[in-house]
Structures are given as C-alpha cells and as structure tokens.
Amino acid sequence: MVHRTSLKHRAIEELVSFSFLLPAAFLFFFFVVLPFIQGIPMSFFKWDGFSKEKTWIGMSNFIDLFSDKSLLSALLRTLQFTALSVIMSNAIGLAIALIIHRASRFHSILRTIFFMPFVTSLVLSAFIWAFLYNDVVYRYFNIPSPLGSTTWVIAGLSAISVWRDAGYCMVIYIAALLAVPSDFYEAAQIEGAGRLRTFFGITLPCIMSAVTANVTLLLAWGLKVFDYPMAATNGGPGQASETIALCVYNNIFHYYKAGYGQAAAFLFTFFVFILTSSVTRAMRNKEIEL
Amino acid sequence: MKGYQKVLGTLVLGCVIVTAAAASGKNENQAVTKPAAQKVTILHYMGEASKNDGLAALVKEITGKNPNSSYEVEGVAYSQYTGILKTRIAADDAPDLFTGWPNQYTELIRAGQVLDLSEKPYMKRLIPWLADEARVNGKLYGFPLDIQLYGTFYNKDVFDKYGLKVPKTLDEYLAICETLMANKVYPFVRSYKNANFPWVEYTCFAYPMLCQSEATKSILWSSIAEKKTKFKDHPLFAESLRLYDKLLKYTEPGDFGMDSATGINKLASGERAMTMDGGWIVGDLYKANPKGRFGFFPTPWSNDPAKNLASTGLDDVFMVYAKTKNIEGVDKFLEGLASNANTNIWMEKAKMISSIAGAPVPKENAVQLDFSTLLTDNRTIQRSRLIEFSGEYRQKMRANIQLFAALPAEKRKDIDKFIQDLDAEFAQIK
C-alpha cells in the first residue's frame, strides 16, 4: 500500500516536472516537427512552390538527387566547412579553457571577453567579418578577402564560425575541467608525468563527455550552416560557398523546384541524424565515469 | 505543501498558455464599423537610396490625391526578394503590387498569379517599345516606371585629369585603361560583393555584341534553355568571354569584397574612373557627390564605332497580383505613376528616364542628357532581343559569370574548359 502510494506520488511528481517542458515542446512540435512532417509528402511531387497544382512523380526527386553534381558539390563544401569549424572551434576553445579555467578575477574577465562573440547573431557575425576581411585586413595588410576567392571562401566562412563558437566551447570545457578531481593531477605529479602526458592521460579522458557534447553540437550546426554563406557571400563567388542548406533554399525559392528541394532537405536531415548519432556513439565509448 | 505548490504552479502555467493562445485569435465580436480606406501593399527591391526617396515621394503624392486608398511600402534586399515574394504568394499573403520584370517571372505568370494589364488605360501612355519589353505571350504584365540604359559611367574630372576622351572603339577603351593603370589608378569600380554585379557588367558589352549578331540574337539563351543548343555551339559567346577576360585584367583584388554603396562612393569621389553598370546608380552617384561631373557612354566591344550601342531595357516595373482585393487602389497608384507630375518627381529624385511617351528630360543632369541623346540618335539596342533566362537557368547563369570574374587570370584563359563546365551544369537542369 505504501509502495503503491509512493509510486503514484512519484508519477505525479514526474508529470508535474514534465509539464514545465510543455511550452517548449509545444513550440518545437508546431514550428519544427509538424512543418517537417508536412514537407515529406511534397518531396514526392513536382511542384513550383506556389501553384495549387502539384504533379505526383513518386521517387523521381530522390533518384535525381544522387546524380545532381551541384548538390553533391554543395555536400562536399558543407563537410569541408563543418570539419574546419568543429576541429578549430574545439581546439581553440579547449586551449583557451586550459589557460583560463582557474578561478580569478582576471580569468573571469577573459572568459567574458572570449564568450562575447557567441552572443552576436549569426548574420551580424557574417557582416562584421565581411567588413573586416575587406576594409581592414585588405586595406592594412594587403591580403585580399577570402570571401572573394573560390579557393579560400569556405575557410573564410569557417573562420567566422570559429570566432563565434570557440567561446561557447570554452565555457563547456571550463566546466568539465573544474570537475576533474585534483587528486588525479597530484598522483600524476608524484609519478613524474610531464604536461603532455598529464593532458592526454588524465585531462582529456576526464573531459571526454564535454568533447562529445561540443563535437556533436558543432557538427549539427556546421552541417546545417545557412546564415554565414547567405549573409556574407550569397553562395558565391559562383557557387563556391553554396552549402547544402543554401542549395535547398535556392531550389525551393529561386529555381521553382519546391518538391525537389524538399526531397533534398529530407534526405539531408536523415544524413545529419545518422552522422551525428554515429559520431556521438563512437565518442561516448571513450568517456569515463568520474 | 510542496506538492500543492507544484500543482498550483502547473495550473498557473496552463492558464498563461491558454490565455496567450486565445489572445492571438481574432475577436469576432467587434461591432461593425465603417470600412477603412483600401490599403494597398507594395513590395519592392529598389536598393538605391535615391529610388527609395523617389518612391516615398510618389506614394505621398498619390495618397494625397486618393484619400480612400493608403499605400504600405516594403523594401527587401534583391537577393532575398524572389524567395520572399514566392513565400507570400504561397501563403495567400501576396502584396497587391510588386516589382519585377515579367520575362523573369514567367512561372508566376503561367500559374495565373500576375494580372494582365493590357486593357488598362494608363498602359497606353507608355513608350510602345518599352511596353513591349513587359509583354509575355503578347500580353502586358507590368507597368515600367522608367527606361534603363546599360553601359559605362565615368567620372569626368578623372578623365580631364589624365587627358582622356570618351572612347568610340574597343582599342580606345583599352588604351584608357592602360593610361589609368600607368598612373596607378584602377580604371573600374567593381562591386563584386553584389552577386548581380558581374552579370550586369558582362551584359553592358555582351548584349550589344550578341543582340546585333544574326547568329545569336533572339535565340541564344532561349535555345539553350530549350536544350536545342549548347553554349559551345555559339562562338560569339566564347568571344564575349574573351573580351570580359581582357577587361577583368584591370580588377583591383579588393573589389571582391566591395559592396555597391562603397563602389558608387569611389566613382563619385574620383578614386576610380569608370564602372560598367545600369542607370539605377545615377541617383546615388549624384547623392554621393552632388557637385560631381559624370557622364555615360556605350561600352565599346568593337573597333567599328557604329556597332557600339548602349543596351536598353526595363528597370523598375510594377506587376499586380492577379487576386488582389484592392484593384481600385492599385489602378489609382498606377494611374498616378503615369501622370506627368509624378513622372517629373521620379526623374528628379531617381535620376531615371521616364517610361511615359513625350515626357521631357531634365536638362540639368548630364547623365540623363547622355541617355536621352543616345535614345534620340538610335544608338541603343533593346536587350529583349535576347529572350532572357528564367528560374534556375537565370540564377546559374549569373552565378557562373560571377565565377568567371572570380577565377584567377590563368584559369580564365581556358575559355573552352569554362564553357564545357557550363554546358555540363546546364545539361543537369530539368
């Protein structure tokens, strides 16, 4: 009797706690999940995006995706952007965290400064850097803007992403570093381990959960990047910075191929899900319990 | 007590959500009131400050004469314009009036989203050949506000400083570029950050070139879009790219990050000598330097002066949403645009040439006078001789011309490879 009452009480507590998620769940469902579900049937039609008539074409859109060279090029560019962003944001974020994770007023101020770019909107970050590349870097150092080069544009856009996201990574890493027991470092010191050995043998394994979180998040952000190329280059020069998200956008809104663009979006969402799940699972295996 | 607090908190939260949802709905129980003035929504992509000023002045004037109509104007960036327009049409929230060239929105016209204006009385005031530019399948789908000329705009003070004269031939044009480079002045302003700029620049010489050739005029783009021919089947297209390559030799590397406003300022101030662009820059050029001395000439592509014509076409065209509920307000607006008084307002503010037959040309503006002289002397050629690309073809053509401009000089030399890649890309378009 006491046991049943206790279970019922716990169930009510869980329900009450869950109810506070309802507003966010409501918004997520109606603005993300529902439009996504509504979009799936569109991918089986030939549709220009605004006419009332649609033509059923079955799997044709999906089949055409795999032979579309411009889409495959956009995928490659997206992967290049993502790789650069994930690696550099994490490396720089971790490096800064290692330097300034200790409690002190000065480190606190530095943490705020390094985190500030993350507060800037994506579009504003793109505009700021487009200005910096051309009106500062080129004017004073004579280095042409990477955003105007078909070779360097992806690197140029990645730099914007790294500038913005490294601060976020830093915050996560600082929290993880502070949770590493000091006994481990004392033991390592006694054993005579050097800095590098200590980092790879103790620090990195202990903060692996933070690495997983950052890598997974930045991987997802990078794969769906839209704002930077849209605001800074509009996919140019030519289509040298056209990412998958921008390609989908162009198909739906500029090429009058809403059905095809929807199919690309659906397939790409599936691809992102598979990739991020695989990476997360692989990295989770390396985490240790503290 | 803790349990009660949680339940109470949940109930309060639930009430807030329900109230918010209810408040966002329409109140059906309002008393019936007198119908409000017709509100006509206008969506446009005019990025130039002078044109925005001109449009605001026109709206003020037309509203003043039509108190039963009000006009809500919304401007969006050109790069996002088509997406926003299509989204609003699909969402049944289309603007009553929107800017655009009918031949570039043929999909909208075919889907019955654009009103046929052929029988409207104000359309008869238009210059006939210009009205023809707004026809699709013989019907008029847009009201052009002005005539656009494409060619080279130059700073007369810079030309005077280096003893340069307006070129009549390609060799003279290239000689001017060499003289300026020798004096460490980059000849051209190239606002390559604007994705549309390379295409406009290219068409300043390519359209007169292609439109005068029997081999390419009227069929070049349309035969490619219909998959009857490829780019490699048209040698004159390759010639136009070779000429573009020659002119790109005079590009300052920093221009790839330069936006239109900065570019106009550089020309206005005399930091650069010329730009190949459309007449929409004239208003902003004079706004940047009201005392500036500017001129215009057709971009020479040939050493035969008679062949060097300025291409003309549409610029600001108003189209009407086919299902507009405010047709009275729309008609009043377009009638207003066609009136002499408002024509003068537009020409004065935006520094354009009016689309209305018989409208006088302002004499104080040198560029407008150059435009007028070229039109009067028949030294122009209509761009509509080449049926434009639309949809994906249009976007990809612009992207590829931008790509050509951005390529390193050594890669640009391989025109055949570029055309081969272009054909492969266009073959994929369905």
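The values are calculated or read from the model by the stated rules, or taken from the named source; none is laboratory data. Keep in mind it's a predicted model, so treat the numbers as computed, not measured. FYI the Cβ positions are ideal-geometry reconstructions off the backbone, even for glycines, and counts take in every protein chain you see.
In region A:104-111, the condition of being assigned by TED's automatic domain parsing to the domain that holds A:GLU242, in contact (Cβ under 8 Å) with a residue 40 or more places away in the chain and closer than 30 Å to A:LEU204 by Cα is met by at least one residue.
Candidates in region B:180-232 are the residues that are within 14 Å of chain A (Cβ to nearest Cβ) and charged (D, E, K, R); of these, the one that is farthest from B:LYS430 (Cα to Cα) is B:ARG190.
Every residue, every condition in (1) touching a Lys or Arg at 6+ places or on another chain (Cβ under 6 Å); (2) assigned to a loop (DSSP other than H, G, I, E, B); (3) over 19 Å from B:PRO305 (Cβ atoms), yes or no:
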| residue | (1), (2), (3) |
| --- | --- |
| B:LEU174 | no, no, no |
| B:CYS177 | no, no, no |
| B:LYS184 | no, yes, yes |
| B:VAL200 | no, no, yes |
| B:PHE205 | no, no, no |
| B:ALA215 | no, yes, yes |
| B:SER222 | no, no, yes |
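Limited to region B:401-425, what total is found for residues that are touching a residue at least 60 places away in the same chain (Cβ under 8 Å) and within 11 Å of chain A (Cβ to nearest Cβ)?
Within region B:401-425, the first condition is being touching a residue at least 60 places away in the same chain (Cβ under 8 Å), and the residues that meet it are B:401-402, B:404-406, B:409, B:412-413, B:415-416, B:418-420, B:422-423.
Then drop every residue that is not within 11 Å of chain A (Cβ to nearest Cβ), which leaves B:401-402, B:404-406, B:418, B:422.
Qualifying residue count for the region: 7.
Could you tell me whether region B:367-381 includes any residue that is free of Cβ contacts under 8 Å to residues at least 12 places away in the same chain, within 13 Å of another protein chain (Cβ to nearest Cβ), surrounded by fewer than 21 Cβ atoms within 10 Å (Cβ to Cβ) and out of contact with any helix residue (DSSP H, G or I) (no Cβ under 9 Å at 6 or more places or on another chain)? There is no residue in region B:367-381 that is free of Cβ contacts under 8 Å to residues at least 12 places away in the same chain, within 13 Å of another protein chain (Cβ to nearest Cβ), surrounded by fewer than 21 Cβ atoms within 10 Å (Cβ to Cβ) and out of contact with any helix residue (DSSP H, G or I) (no Cβ under 9 Å at 6 or more places or on another chain). Inspection of region B:383-390 finds a residue satisfying the criterion of being within 14 Å of chain A (Cβ to nearest Cβ) and not acidic (Asp, Glu). Here B:SER355 meets the list (1) touching a Lys or Arg at 6+ places or on another chain (Cβ under 9 Å); (2) within 14 Å of chain A (Cβ to nearest Cβ) almost entirely, failing just condition (2). Can you say whether A:ASP135 is assigned to a helix (DSSP H, G or I), acidic (Asp, Glu) and either more than 21 Å from A:ALA231 (Cβ to Cβ) or more than 14 Å from chain B (Cβ to nearest Cβ) (or both), as far as the supplied structure shows? Against the criterion (assigned to a helix (DSSP H, G or I), acidic (Asp, Glu) and either more than 21 Å from A:ALA231 (Cβ to Cβ) or more than 14 Å from chain B (Cβ to nearest Cβ) (or both)), A:ASP135 does not qualify.
Of the candidates B:ARG385, B:ARG412, the single residue that is over 27 Å from A:ASN251 (Cα atoms) and modelled with pLDDT under 90 is B:ARG385. Among the residues of region A:16-28, are any surrounded by 13 or more Cβ atoms within 10 Å (Cβ to Cβ) and more than 12 Å from every other protein chain (Cβ to nearest Cβ)? No; the residues of region A:16-28 include none that is surrounded by 13 or more Cβ atoms within 10 Å (Cβ to Cβ) and more than 12 Å from every other protein chain (Cβ to nearest Cβ). Against the definition (within 14 Å of chain A (Cβ to nearest Cβ) and modelled with pLDDT of 85 or more), how does B:TYR71 come out, yes or no? Answer is no for this residue. If the condition is being under 30 Å from the mean Cα position of the chain (by Cα) and more than 9 Å from every other protein chain (Cβ to nearest Cβ), then region A:40-58 contributes A:ILE40, A:PRO41, A:MET42, A:SER43, A:PHE44.
I'm checking my understanding of the structure. Among residues of region B:249-273 that are at the interface with chain A (Cβ under 8 Å from one of its Cβ atoms), out of contact with any Leu (no Cβ under 9 Å at 6 or more places or on another chain) and in a helix (DSSP H, G or I), which one is surrounded by the most Cβ atoms within 10 Å (Cβ to Cβ)?
Start the filter on region B:249-273 by keeping residues that are at the interface with chain A (Cβ under 8 Å from one of its Cβ atoms), which leaves B:253-258.
Within this subset, residues satisfying the condition of being out of contact with any Leu (no Cβ under 9 Å at 6 or more places or on another chain) are B:253-255, B:258.
Within this subset, residues satisfying the condition of being in a helix (DSSP H, G or I) are B:253-255.
Working: B:PRO253: 14, B:GLY254: 22, B:ASP255: 25.
Per the criteria, the residue is B:ASP255.
Let's see how each residue does on (1) out of contact with any Pro (no Cβ under 8 Å at 6 or more places or on another chain); (2) over 30 Å from B:ALA322 (Cβ atoms); (3) small (Gly, Ala, Ser):
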residue	(1), (2), (3)
B:GLY138	yes, no, yes
B:LEU149	yes, yes, no
B:VAL166	yes, yes, no
B:LEU170	no, yes, no
B:ALA195	yes, no, yes
B:MET209	yes, yes, no
B:LEU241	yes, yes, no
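Would you check if B:GLU201 is assigned by TED's automatic domain parsing to the domain that holds B:ASP255, of a type in the set (D, E, K, R), surrounded by 19 or more Cβ atoms within 10 Å (Cβ to Cβ) and under 25 Å from B:MET276 (Cα atoms)? Yes.
B:PRO360 satisfies every condition listed in (1) under 22 Å from the mean Cα position of the chain (by Cα); (2) surrounded by fewer than 17 Cβ atoms within 10 Å (Cβ to Cβ); (3) not small (Gly, Ala, Ser) except (1).
Restricting attention to region B:204-215, the residues that are farther than 16 Å from B:MET276 by Cβ and surrounded by 23 or more Cβ atoms within 10 Å (Cβ to Cβ) add up to 0. Residues in region A:203-233 that are surrounded by fewer than 23 Cβ atoms within 10 Å (Cβ to Cβ) and of a type in the set (S, T, N, Q): A:THR203, A:SER209, A:THR212, A:THR216. Counting the residues of region B:103-112 that are in a helix (DSSP H, G or I) and either within 14 Å of another protein chain (Cβ to nearest Cβ) or surrounded by fewer than 18 Cβ atoms within 10 Å (Cβ to Cβ) (or both) gives 6.
Determine, yes or no, whether B:GLU348 is away from chain A (no Cβ under 14 Å) and under 22 Å from B:PHE197 (Cα atoms).
Details: away from chain A (no Cβ under 14 Å): yes; under 22 Å from B:PHE197 (Cα atoms): no.
For B:GLU348, the condition - away from chain A (no Cβ under 14 Å) and under 22 Å from B:PHE197 (Cα atoms) - is not met.
Restricting region A:237-275 to residues that are without any contact (Cβ under 8 Å) to a residue 24 or more places away in the chain and in a loop (DSSP other than H, G, I, E, B) leaves a set whose member that is surrounded by the fewest Cβ atoms within 10 Å (Cβ to Cβ) is A:HIS254. If the condition is being part of a helix (DSSP H, G or I), touching a residue at least 60 places away in the same chain (Cβ under 8 Å) and hydroxyl-bearing (Ser, Thr, Tyr), then region B:47-102 contributes B:SER50, B:TYR78, B:SER79. When the residues of region A:138-185 are narrowed to those that are within 13 Å of chain B (Cβ to nearest Cβ) and among the aromatic types (Phe, Trp, Tyr), which ends up farthest from A:ILE87 (Cα to Cα)? Filtering first and then ranking leaves A:TYR140. Figure legend. Inter-residue proximity from region B:283-307: first residues more than 18 Å from B:LYS51 (Cβ to Cβ), second residues among the charged types (D, E, K, R) and outside any helix (DSSP H, G or I), beta-carbon distance below 6 Å, spacing 6+ or different chains. Indicated pairs: B:PRO305/B:LYS168.
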